Amino acid sequence: ECLATAHDGLADRIRTSDVFVHVSDTAGRDILEATSAADVIGGLAAAAEALGADPALYSLDSSNPEAPKVRTLTEDIARIVHGRLTHQRWITAQLAHGWRGAAELAEAVDTLFVFAASTDAVADGLFDTVFQAYCADPQVWSTLEAANAPAAASIRARLTEAARRGLWTSRRNSVGAFLAREAAE
């Protein structure tokens, strides 16, 4: 009975919420580094939708308590995709770590997918940017496949799934050809 009351109370709080703020207080980490933030934020967004609510989603970086930074989830994801995930120096540095660096790239794509599947915070252009940086660059893609073939397969599978589920619609012809290889393999 106590558990049912707690469940009902949580459902009421979610149903009546206007805003959800995810707080991160670890310097040097962001919400695309692991799926934990995506699981929390996306889980709440999915629960809210199921309950008929649509709270605004925010990401609060409080790693510097004197100067906290609040962004909408959409702004934060775009900032991270453009500032880190698709930055050539970051990609090169990750791939220099061999299989582990390639796994980091795959994990980032996985996390982006989770956000796309559970929120409306991931624009098609962000997937296009990731595709261009990882898959359409022959040097990056061949290095990624050589370093960690399962990570490369995971990236291709996640992008294919995003397209199949309508989470990503690209106007790039090269995307269709690349993703078609997923179906053939």
Give the residue that is farthest from Val19 (Cα to Cα), with candidates limited to residues of the range 53-100 that are among the small types (Gly, Ala, Ser) and under 16 Å from the mean Cα position of the chain (by Cα).
Gly83
Against the condition touching a residue at least 40 places away in the same chain (Cβ under 8 Å) and farther than 30 Å from Thr143 by Cα, how does Thr86 come out, does it pass?
no
Evaluation of Ala103 against (1) crowded, with 17+ Cβ neighbours inside 10 Å; (2) under 13 Å from the mean Cα position of the chain (by Cα) (one fails), failing number:
(2)
In the range 77-96, which residues are crowded, with 18+ Cβ neighbours inside 10 Å and in a helix (DSSP H, G or I)?
Ile77, Ala78, Ile80, Val81, Leu85, Ile91, Gln94, Leu95
Given the criteria over 29 Å from Ala47 (Cβ atoms) and without any contact (Cβ under 8 Å) to a residue 24 or more places away in the chain, does Asn148 qualify?
no
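Read-outs: derived from the displayed coordinates by stated rules, not from any lab. Keep in mind that this is a model prediction, so the values were computed, not measured. Every residue, glycine among them, receives a Cβ derived from its backbone with ideal geometry; neighbour counts consider all protein chains shown.
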